[in-house]
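Asker: Once you've had a glance at the structure underneath, I'll fire off some questions.
The values are calculated or read from the model by the stated rules, or taken from the named source; none is laboratory data. Keep in mind that this is a model prediction, so the values were computed, not measured. Cβ coordinates were reconstructed from backbone atoms using ideal geometry, including for glycine residues, and neighbour counts include every protein chain displayed. Calculation scope for accessible area: heavy atoms of the full protein, side chains included, ligands and nucleic acids excluded. Shrake-Rupley method; radii C 1.70, N 1.55, O 1.52, S 1.80 Å.
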Amino acid sequence: MKTEQRRLSTAEERRETVLRTAIGAFAARGYFGTTTTEVAKAAGISQAYVYRLFPNKEALFTAVVEHCFIRVRAALERGAAEARGSAPEAVLESMGDAYARLISDNDLLLVQLHAQAAAISEPAIRETVRAGYARTVEYVRGASGGGDEQIQQFFATGMLCHLIVSIDADAVDAPWTRTLAAGITHY
């Protein structure tokens, strides 16, 4: 009988596991409502090991936020690559569709919303969110070739999409929800 050797995870693999697990934990309860104990338990590791990977909860949360921005960037890159034409409008539309598909993953959307809320009072989180948006805005500008007004409209539409998805506006058939959702693609 062949015995399998147990393969130990590297610190980087454990870090990725903790990040993936932490996304779900922070999505469910936010920055202020989630403990590192909950993240550790969900990841199947000790709280002490979480602290070996991340010096504190703030560092863990900012790493989760950064991970989400990386996922957003990847989705926007796919959207830009799939655009039907090179005009800014075509590229922005395709990137918007790719983003709308991405935020149908409620955990990612919730982490983004919690990060924006926590950024109000937590300077390190604010800086992480600012840096993530700065990179994302500049990527969208460069990839689309759009002007300032087009880029602003792209991000404004994305924020409106957040609202529509978070309040499940599709479940309410009313003039105000039809007004908000008109022309907004969401999944």
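Asker: Quick check on my filter: what residues within region 58-85 are charged (D, E, K, R) and either under 18 Å from the mean Cα position of the chain (by Cα) or closer than 17 Å to Q112 by Cβ (or both)?
Answerer: As a first pass, look at region 58-85 and keep what is charged (D, E, K, R): 58, 66, 71, 73, 77-78, 82, 84.
The answer is E58, E66, R71, R73, E77, R78.
Asker: Any idea which residue in region 48-57 is farthest from the chain's Cα centre (by Cα), counting only those that are in a helix (DSSP H, G or I) and of a type in the set (F, W, Y)? Let's see the steps before the verdict.
Answerer: Filtering region 48-57 for residues in a helix (DSSP H, G or I) gives 48-53, 57.
Subsequent filtering for residues that are of a type in the set (F, W, Y) retains 49, 51.
Details: Y49: 25, Y51: 23 Å.
The qualifying residue farthest from the chain's Cα centre (by Cα) is Y49.
Asker: A further question on this structure: What is the number of the single condition among (1) of a type outside the set (G, A, S); (2) in contact (Cβ under 8 Å) with a residue 60 or more places away in the chain; (3) open to solvent by less than 40 Å² (accessible area, probe 1.4 Å) that F32 does not meet?
Answerer: (3)
Asker: Would you call A182 open to solvent by 60 Å² or more (accessible area, probe 1.4 Å) and out of contact with any Asp or Glu (no Cβ under 8 Å at 6 or more places or on another chain)? I'd like the intermediate steps shown before the answer.
Answerer: On the way: open to solvent by 60 Å² or more (accessible area, probe 1.4 Å): yes; out of contact with any Asp or Glu (no Cβ under 8 Å at 6 or more places or on another chain): yes.
Yes: the conditions hold for A182.
Asker: Going by what's in this entry, would I103 be described as under 26 Å from T17 (Cβ atoms) and either in contact with a helix residue (DSSP H, G or I) (Cβ under 9 Å, 6 or more places away or on another chain) or among the aliphatic types (A, V, I, L, M) (or both)?
Answerer: Numbers: under 26 Å from T17 (Cβ atoms): yes; either in contact with a helix residue (DSSP H, G or I) (Cβ under 9 Å, 6 or more places away or on another chain) or among the aliphatic types (A, V, I, L, M) (or both): yes.
Spelling it out, I103 is indeed under 26 Å from T17 (Cβ atoms) and either in contact with a helix residue (DSSP H, G or I) (Cβ under 9 Å, 6 or more places away or on another chain) or among the aliphatic types (A, V, I, L, M) (or both).
Okay, residues lined up against (1) polar (S, T, N, Q); (2) modelled with pLDDT of 95 or more; (3) out of contact with any Lys or Arg (no Cβ under 8 Å at 6 or more places or on another chain); (4) within 28 Å of T10 (Cα to Cα):
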site	(1), (2), (3), (4)
V50	no, no, yes, yes
V65	no, yes, yes, yes
S94	yes, yes, no, no
I103	no, no, yes, no
P123	no, yes, yes, no
V129	no, yes, yes, no
G145	no, yes, yes, no
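Asker: If you don't mind, another one. Are there any pairs, at least 6 apart or on different chains, whose C-beta atoms fall under 6 Å, with the first in region 47-68 and under 18 Å from L110 (Cα atoms) and the second surrounded by fewer than 17 Cβ atoms within 10 Å (Cβ to Cβ), and if so, which?
Answerer: E58/A124; T62/A124
Asker: Under 8 Å between Cβ atoms, at least 6 apart or on separate chains: pull out the pairs that start in region 127-145 with a residue that is over 20 Å from S94 (Cα atoms) and end on any residue that is open to solvent by 50 Å² or more (accessible area, probe 1.4 Å).
Answerer: Close Cβ pairs (under 8 Å, with a partner that is open to solvent by 50 Å² or more (accessible area, probe 1.4 Å)) amount to T128/E66; V129/Q116; G132/E66.
Asker: Any residue at all in region 3-14 that's under 21 Å from the mean Cα position of the chain (by Cα), in a helix (DSSP H, G or I) and under 19 Å from E122 (Cβ atoms)? Spell out the reasoning first.
Answerer: Kept after step one, since they are under 21 Å from the mean Cα position of the chain (by Cα), are these residues of region 3-14: 12-14.
Adding the requirement that they be in a helix (DSSP H, G or I) leaves 12-14.
Now drop any that are not under 19 Å from E122 (Cβ atoms), which leaves none.
No: zero hits.
Asker: I'm told V72 meets every condition in (1) touching a residue at least 24 places away in the same chain (Cβ under 8 Å); (2) over 22 Å from G145 (Cβ atoms) except one. Can you identify the failing condition by its number?
Answerer: (2)
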